[in-house]
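The values are calculated or read from the model by the stated rules, or taken from the named source; none is laboratory data. Because the structure is predicted, anything quoted here is derived from the model rather than measured. Here the Cβ is made from the backbone with ideal geometry for all residues, glycine too, and neighbour counts use every protein chain on show. Side chains included, ligands, DNA and RNA excluded: accessible areas come from the protein's heavy atoms. Shrake-Rupley method; radii C 1.70, N 1.55, O 1.52, S 1.80 Å.
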Amino acid sequence: MSPAPRRRSVLLATAAVTAAATAPAGAATPVRHRASGPLVIGHRGAAGWRPEHTAEAYTYAVRAGADWIEPDLVPTKDHVLVVRHENEIGGTTDVAGRPEFADRRTTRTVDGRAVTGWFTEDFTLRELRTLRTVERLPLVRNRNTVFDGRGRVMTFQEVIDLARRLSGESGRRIAVFPETKHPTYFRSIGLPLEEKLIWVIRRNRLTARECVVQSFEPSSLHRIAAARLGLPLWQALGTGGSPYGHAVTYRDMMSPAGLREIASYAQWIGPDKSSLVPPHTLLADAHAAGLKVGAYTFRAENQYLPAAHRRGTAPNDFGDAFTEYAFHYGQGVDAVVTDFPDIAVQAREGLRR
């Protein structure tokens with residue numbers, strides 16, 4: 001394994017990036033050259049520094065050096081693809097405090113689990129536009145709550161437009177990395193994701209350098225593959241159980257035989273980072289099957305780090321994220337999915353040096 005890069009104060013290291021991300025577009029000094037090494041994927045933008053899935057989060061990620069940005073896709077009542085971590089939006093918008101939508105609160109069974117709240121499929125796009133975004137993890141990332149109420153729910157089309165604008169600004173080709181969320185559930189209620197996603201991809205003439213589609217459900221990826229879009233596909237993998245509606249388990253999918261099956265329709269796998277730590281052989285097995293590997297989800301707070309990389313006992317304090325990146329980069333991952341793309345980029349640069 002390559003040696004860990006020199007440690008820095010995370011807050012000091014990100015101060016310049018914070019200034020760039022919040023400055024007017026013409027005043028920022030974005031990262032303009034992609035370093036060699038694994039791709040850095042901004043998870044829901046830069047969710048560690050801004051409320052997720054907002055224009056500010058995506059802009060921050062790209063100006064910090066992210067190569068791809070990740071929007072999670074869910075539909076509206078009028079079947080427009082919007083970007084939210086879940087279709088339940090009580091924790092990511094101000095809908096709970098909006099009396100005009102109080103009667104929309106309900107309980108739905110999503111992927112076999114009862115969920116109570118407000119759901120995108122019960123709102124038209126016009127109605128969603130009236131809501132404002134909030135930090136999803138206010139107790140973990142209290143710093144981000146200062147931005148509550150400043151953003152709005154974006155459409156997938158708007159993320160594509162933003163990625164292209166940021167590509168021009170940065171001089172780098174920024175790819176969008178959409179995930180189909182709960183595709184079996186949405187198909188069951190007459191709001192299938194894949195057909196709309198295919199339509200948007202074709203309408204924008206997205207190329208393999210501009211878009212990679214991911215899902216935890218193989219059946220969703222098979223539907224995308226059947227459209228022959230020429231785009232890479234990414235099979236996301238959980239740590240236990242099965243993809244919803246599928247008999248195969250994630251454990252079986254991560255076996256050599258399972259990886260060969262994935263390679264018949266996808267080019268990437270996306271396992272939890274814990275699945276790549278020895279004695280697991282998943283990384284080598286996937287590469288042997290011709291698959292690239294992108295690990296998720298890297299964060300800086302102690303509670304999300306391996307015990308050896310934590311600093312102190314406060315769960316929300318920052319730990320030694322640089323050492324964790326150095327380990328996975330040294331193992332040979334092809335990409336990292338991260339809430340803190342600025343830290344991932346600095347770790348990558350340190351490894352290269």
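Quick check on the chain: helices-only [θ] at 222 nm, where DSSP H runs of length 4 and up contribute -39,500 (n - 2.57) each and the sum goes over total residues. Nearest 500, please.
The helix-only estimate for the chain comes to -8500 deg cm²/dmol at 222 nm.
Could you give the DSSP H helices of the chain that reach 15 angstrom or more along their long axis (alpha carbon positions) and whose average Kyte-Doolittle hydropathy is no lower than -0.5?
In the chain, the long hydrophobic H runs are 156-170, 193-204, 321-331, 341-352.
Given a 1.4 Å probe, how much area per residue of the range 212-353 is accessible, in Å²? Spell out each step's value before the answer.
Values: 5660 Å² over 142 residues.
Per-residue accessible area for the range 212-353 comes out at 40 Å².
Taking 7 Å along the Cα-to-C-beta vector as the label spot, tell me the residue 98-residue 227 distance in nanometres, rounded to one decimal.
The two pseudo-label positions are separated by 2.7 nm.
Starting from the 7 Å offset along Cα-to-Cβ, what nm value, one decimal, do you get for the label separation of residue 251 and residue 204?
Once both label points are built, they end up 3.9 nm from each other.
Quick one: if the Förster radius is 30 Å, what FRET efficiency do residue 78 and residue 219 give, using the C-beta to C-beta distance and rounding to 0.05?
Working from the Cβ atoms, E equals 0.75.
Please build a GNM for the chain, connecting alpha carbons under 10 Å apart, and tell me which residue among 68, 199, 268 fluctuates the most.
Looking only at 68, 199, 268, the largest GNM fluctuation is found for 199.
Using Cα positions and a limit of under 25 Å, work out the lysines in reach of residue 196, with same-chain residues fewer than 8 apart set aside.
77, 181
Would you kindly compute the Cα radius of gyration of the range 265-306 and its largest Cα-Cα separation (Dmax), both in Å?
That works out to 11.7, 37 Å for Rg and Dmax.
Excluding residue 250 itself, calculate the net charge of residues whose Cβ lies under 12 Å from the Cβ of residue 250, where each Lys or Arg counts +1 and each Asp or Glu counts -1.
Net charge around residue 250: -2.
In the neighborhood of residue 329, defined by Cβ-to-Cβ distances under 13 Å, what is the net charge if each Lys or Arg adds +1 and each Asp or Glu adds -1?
+1
Provide the FRET efficiency to the nearest 0.05 for the residue 274-residue 129 pair, computing r from the beta carbons and using R0 = 51 Å.
On the way: r = 39 Å, r/R0 = 0.76.
Given R0 = 51 Å and the Cβ-Cβ separation, E is 0.85.
When only Cα pairs under 8 Å and 6 or more residues apart are kept, what is the percent relative contact order across the range 234-353?
Once divided by the residue count of the range 234-353, the mean separation gives 19 percent.
Need one number: % antiparallel among DSSP beta bridges in the chain, to the nearest 5.
Just about 30 percent of them are antiparallel.
Report in % the part of the accessible area of the range 37-94 that belongs to carbon and sulfur, leaving out ligands and nucleic acids; probe 1.4 Å.
Carbon-and-sulfur percentage of accessible area, whole number: 51.
Grab the beta carbon distance between residue 105 and residue 161, set R0 = 41 Å, and tell me the FRET efficiency rounded to 0.05.
According to the calculation, E is roughly 0.80.
Quick check: net charge around residue 148, other residues with Cβ under 15 Å of its Cβ, Lys/Arg +1 and Asp/Glu -1?
In short, +4.
For the range 176-326, what does the alpha-carbon gyration tensor say about shape, rounded, prolate or oblate, given a ≥ b ≥ c as the root eigenvalues, a/c under 1.5 as rounded, and a/b over b/c as prolate?
Details: a/c = 1.88, a/b = 1.61, b/c = 1.17.
It comes out prolate by the Cα gyration axes.
Would you work out if the chain is rounded, prolate or oblate? Take a ≥ b ≥ c from the square roots of the eigenvalues of the alpha-carbon gyration tensor; rounded if a/c is under 1.5, else prolate when a/b is larger than b/c, oblate otherwise.
rounded
Shape of the range 124-218 from its Cα gyration tensor (a ≥ b ≥ c, root eigenvalues): rounded if a/c is under 1.5, otherwise prolate when a/b > b/c, or oblate?
oblate
Would you list 223, 209 from the most to the least accessible area, probe 1.4 Å?
209, 223
If I build a Gaussian network model for the chain, linking alpha-carbon pairs within less than 10 angstrom, which residue out of 227, 288, 307 has the largest mean-square fluctuation?
Per the Cα network of the chain with a 10 Å cutoff, 307 tops the list.
Taking all protein chains as present, what is the carbon and sulfur share of the accessible area of the range 251-353, in % to the nearest whole number, probe 1.4 Å?
50
Just for the range 166-279, what percent of DSSP beta bridges are antiparallel, to the closest 5?
Working: 0 of 8 bridges.
Antiparallel bridges: around 0 percent, rounded to the nearest 5.
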